[in-house]
Amino acid sequence: MQNGIYYSAFYGCSSLTSVIFESGSQLTAIGMGAFAITGLTTITIPASVTSISDLAFEGINGLTINVADGNTIEYGPTIATACDDGSCYGATGVTVTVY
């Protein structure tokens, strides 16, 4: 996975609560379990991300995802659409904020 966060990269890091990628980030993918079972409450996903694994945020409840307007995921809907029922990528209680 080039320019991505790999499989289970931060798995189980309970002290990880917030992730913000800098403007101009080259990040393109978030892999399976990359942030699973963490203390993550907020993540800002750059417009460059085109792939998020189904279980990237598994086991997280109450996650706020900040995402660029019109951000699209390869072979799928926008992140906002994917999360519109409050559950996506393995997380529950999800709120999406578009910037």
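The values are calculated or read from the model by the stated rules, or taken from the named source; none is laboratory data. As the structure is a computational prediction, the values presented were derived from the model and not from experiment. Note: ideal-geometry Cβ built from the backbone for every residue, glycine included; neighbour counts use all protein chains shown.
Results, tabulated for the structure shown:
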{"read-out": "Hits in segment 63-99 (condition: touching a helix residue (DSSP H, G or I) at 6+ places or on another chain (Cβ under 7 Å) and among the hydrophobic types (A, V, I, L, M, F, W, C))", "value": "Ile65, Val67, Ile73, Cys88, Val96, Val98"}
{"read-out": "Single unsatisfied condition, Thr64 versus (1) buried (at least 17 other Cβ atoms within 10 Å of the Cβ); (2) modelled with pLDDT of 95 or more; (3) β-branched (Val, Ile, Thr)", "value": "(1)"}
{"read-out": "Segment 1-15 - residue that is closer than 16 Å to Tyr89 by Cβ and more than 11 Å from the chain's Cα centre (by Cα) and, of those, surrounded by the most Cβ atoms within 10 Å (Cβ to Cβ)", "value": "Gly4"}
{"read-out": "So Thr78, is it β-branched (Val, Ile, Thr) and modelled with pLDDT of 90 or more", "value": "no"}
{"read-out": "Selected residue [farther than 15 Å from Thr92 by Cα, surrounded by fewer than 18 Cβ atoms within 10 Å (Cβ to Cβ) and either touching a strand residue (DSSP E or B) at 6+ places or on another chain (Cβ under 9 Å) or of a type in the set (Lys, Arg) (or both)] from Ala47, Ala29, Ala80, Ala34", "value": "Ala47"}
